[in-house]
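Reviewing the structure listed below.
The values are calculated or read from the model by the stated rules, or taken from the named source; none is laboratory data. Fair warning: this is a prediction, and the values are worked out from it, not measured in the lab. Ideal geometry is used to build each Cβ from the backbone, glycine not excepted, and the neighbour counts take in all protein chains shown.
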Amino acid sequence: MKYYVLFIAFATSFLSSCKKEDVDISGYTATVTLVNAIASYNTDIKMNFTGKNFIFANSKSLNYFYSDGKYSYGTLTFGLPVGKVPLSIALANDTTKLIFNQAVTFAPGDVYSLFMHGYPDNVSGLLVKDEIPVRTDSTTGVRFVNLSPNSNGFRINISGEPIGSAVDNLPYKGVSDFISFPAQSSNQEYFIEVYDAVTDELLTVFYYYDIARLKNITLVIRGLVYDGPELELVRINHY
């Protein structure tokens with residue numbers, strides 16, 4: 001996962017990016033992961049987390065398929081300072097209108113996710129303060145988020161297990177807890193099935209490999225049922 005650290009102390013704000021392990025985020029002890037789950041392949045978003053006057057048109061864009069080189073999931077993670085910081089988002093094709101604008105007071109160690117979702121003409125933001133569990137046993141934690149605006153809700157399970165045994169009914173904009181799955185050396189992969197919560201029709205399957213042992217991930221269900229962009233699960237690592 002890449003971290004984009006916002007240097008707010010300077011008169012002219014800018015973004016600097018590099019791999020997570022190379023970033024010095026001292027002084028930036030809170031993080032926000034921004035997710036583009038808007039139901040369109042062509043709806044890029046611009047962000048300003050500096051609290052200063054800002055030309056959105058000159059800022060970095062986050063598109064639907066932005067990749068860290070391993071997963072294509074449309075996310076960026078920002079390091080932010082402690083204190084009150086406004087989170088402002090605009091569509092790249094109309095930077096004069098904010099689609100999300102909320103000030104958040106960050107404490108040391110805070111971790112947030114900001115999911116942008118909906119249709120291009122009706123975008124909303126879902127801001128979640130993440131409580132990432134510490135794992136001391138041989139498990140992996142998986143959280144599910146439903147950002148498919150035309151869904152009936154989803155029932156989710158591991159292949160071979162009863163339908164809905166992991167999550168029985170995840171509504172639109174629903175966020176599950178982090179669910180524990182075994183992550184011993186024998187657990188090399190999982191096939192995660194997503195069913196329609198009304199009809200019990202199998203809609204999509206996610207291949208969970210490279211198991212996050214003793215760690216946690218979020219799987220965002222985005223796209224549209226029987227339409228484009230197609231329904232899919234995208235992975236966000238919390239490590």
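Working only within the stretch 205-224, note down all residues that are surrounded by 17 or more Cβ atoms within 10 Å (Cβ to Cβ) and farther than 22 Å from Thr77 by Cα.
Residue satisfying the conditions is Phe206 alone.
In the list Ser165, Ser151, which residue meets the criterion of being of a type in the set (Gly, Ala, Ser), outside any strand (DSSP E or B) and more than 19 Å from the chain's Cα centre (by Cα)? Give the steps one after another, and end with the answer.
Details: Ser151 fails: more than 19 Å from the chain's Cα centre (by Cα).
Exactly one of Ser165, Ser151 is of a type in the set (Gly, Ala, Ser), outside any strand (DSSP E or B) and more than 19 Å from the chain's Cα centre (by Cα), namely Ser165.
Take the conditions under 18 Å from the mean Cα position of the chain (by Cα) and either farther than 20 Å from Val123 by Cα or in the same structural domain as Ala30 (by TED's automatic domain parsing) (or both) and apply them to Asp177. Does it pass?
Against the criterion (under 18 Å from the mean Cα position of the chain (by Cα) and either farther than 20 Å from Val123 by Cα or in the same structural domain as Ala30 (by TED's automatic domain parsing) (or both)), Asp177 qualifies.
Within the stretch 165-204, can you find the residues that are among the aromatic types (Phe, Trp, Tyr), free of Cβ contacts under 8 Å to residues at least 40 places away in the same chain and surrounded by 15 or more Cβ atoms within 10 Å (Cβ to Cβ)?
Matches in the stretch 165-204: Tyr172, Tyr190.
Can you pull out every residue in the stretch 119-163 that is more than 20 Å from Asn48 (Cα to Cα) and of a type in the set (Gly, Ala, Ser)?
Residues satisfying the conditions are Ser138, Gly141, Ser148, Ser151, Gly153, Ser159, Gly160.
Could you list all residues from the stretch 168-217 that are aliphatic (A, V, I, L, M) and in a loop (DSSP other than H, G, I, E, B)? So that I can check it myself, show each step before the final result.
Quick first cut of the stretch 168-217, residues aliphatic (A, V, I, L, M) only: 170, 175, 179, 183, 192, 194, 197-198, 202-203, 205, 211-212, 214, 217.
Listed by number, the residues that qualify are Ala183, Ala197, Val198, Ile211, Ala212, Leu214.
Of the residues in the stretch 225-239, how many are surrounded by 21 or more Cβ atoms within 10 Å (Cβ to Cβ) and not in a strand (DSSP E or B)?
0
Could you list, in sequence order, all residues of the stretch 83-120 that are over 19 Å from Val35 (Cβ atoms) and free of Cβ contacts under 8 Å to residues at least 12 places away in the same chain?
Asp94, Thr96, Lys97
Do we have any residue at all in the stretch 208-227 that's within 23 Å of Lys70 (Cα to Cα) and in contact with an Asp or Glu (Cβ under 6 Å, 6 or more places away or on another chain)?
In the first step, residues of the stretch 208-227 are kept if they are within 23 Å of Lys70 (Cα to Cα); the result is 208-223.
Filter again for in contact with an Asp or Glu (Cβ under 6 Å, 6 or more places away or on another chain), leaving 209, 223.
Yes: the stretch 208-227 contains one or more residues that are within 23 Å of Lys70 (Cα to Cα) and in contact with an Asp or Glu (Cβ under 6 Å, 6 or more places away or on another chain).
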